[in-house]
Amino acid sequence: MTPIDGSPAAPSNRGSRSAPSFAQADGVRIRIHHLGGSGPPLLAVHATGFHGRVWEPFVPPLRVHFSVIALDQRGHGDSDKPESGYEWTKFGEDVLAVIDHLGLETPVGIGHSAGATALVFAESRRPGTFSRLVLMDPTLLPPEFRSVAPASFNPMSEQARRRRAIWSSRDEMIDRLRDGSPLAEWRDDFLRSYVTYGTDTLPDGTVRLKCPPEVEAQVYAEASSHDGWERLAELRCPTLLLTGESSHMWAGGRSQLAAGQIRNGRAEVVKGGHFFPMEDPETATERILGFLTRR
């Protein structure tokens, strides 16, 4: 397989205790990150354009109760980057591949944005996979929204294609992201984790995004064509839908409408927008742990 960024795929390191861990999903290697902790497994799934280690500043309170595992979705982080195949159902298959590879039994799943949507696809495809789910501002469009969304033109997709991929340094990238970008309100440790583990150092000393803009664009282009909203009705495990009060995606009471479709679902709204987990992680983890540790 030739990655989309043109670099050769690294050989599999499975079997070496200290080597990186990968699962296989439809011939695509999915990088697994063990973020520590003890107790039952908790699988964390990131948003489009990010990577598994963006969760590191978020998980210290979770480690008290759970063994925390994250993955790099296909096209992101250290996972393979095929030239195509970014339908959203594929991300659900990546989640199931990691669970099978590690032999996890009914883990807890938490996800943000497209990562939360991937959990919906995984659980709906294989009911009973998860013991509980936390969906933070998932990317789920009702049918009436999808019917008017132009499949041929997606503003977020076009914006992703124009995204700057190479920077003179990680510090320059962090400074720019702090200056008026959608990530400007992130807590500093999240921003540094995103940049540090989401870039490669090139031979000339510059740094390049690990998630190529073309991959991000393809993912966004598929966002209006999946049926994740309808799949909410197929979830059986207890599910918390956690959304930001200023998130445009969940305005107008849509979170309560969505939670009402889940047999064992509830919705809670927290301060902030789409990136509330990175802006106010204390509030997010308080709500999450209250839900996950409740008998």
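Read-outs throughout are calculated quantities, based only on the coordinates presented, and are distinct from any laboratory measurement. Model, not experiment: these values are computed from the prediction. Counting neighbours? That spans all protein chains shown, and the Cβs are built from the backbone with ideal geometry, glycine included.
Values computed for the structure shown
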{"read-out": "Inter-label distance, nm, simple model (7 Å from Cα along the C-beta direction), T201/S181", "value": "2.0"}
{"read-out": "Karplus-derived HN-Hα couplings along the range 289-294 (A = 6.51, B = -1.76, C = 1.60, θ = phi - 60°), whole Hz, x at Gly and Pro", "value": "5, x, 6, 6, 9, 6"}
{"read-out": "Qualifying lysines (Cα of each under 23 Å from Cα of K90; at least 8 residues distant if same chain)", "value": "K81, K210"}
{"read-out": "Among beta bridges that DSSP assigns inside the chain, antiparallel share in %, nearest 5", "value": "35"}
{"read-out": "Contact order normalised by residue count of the range 68-178, Cα under 8 Å, 6+ apart, percent", "value": "18"}
{"read-out": "In nm, spacing of pseudo-spin labels at L257 and R163 (7 Å Cα→C-beta vector)", "value": "2.8"}
{"read-out": "Estimated inter-spin distance, E230 and E83, nm [label 7 Å along Cα→Cβ]", "value": "3.2"}
{"read-out": "Cubic angstrom per residue, convex hull over Cα atoms of the range 11-100", "value": "100"}
{"read-out": "Ellipticity estimate at 222 nm from DSSP helix runs (n ≥ 4, -39,500 (n - 2.57)) divided over the chain, nearest 500", "value": "-9000 deg cm²/dmol"}
{"read-out": "Prolate/oblate/rounded call for the chain, Cα gyration tensor, a/c under 1.5 rounded", "value": "rounded"}
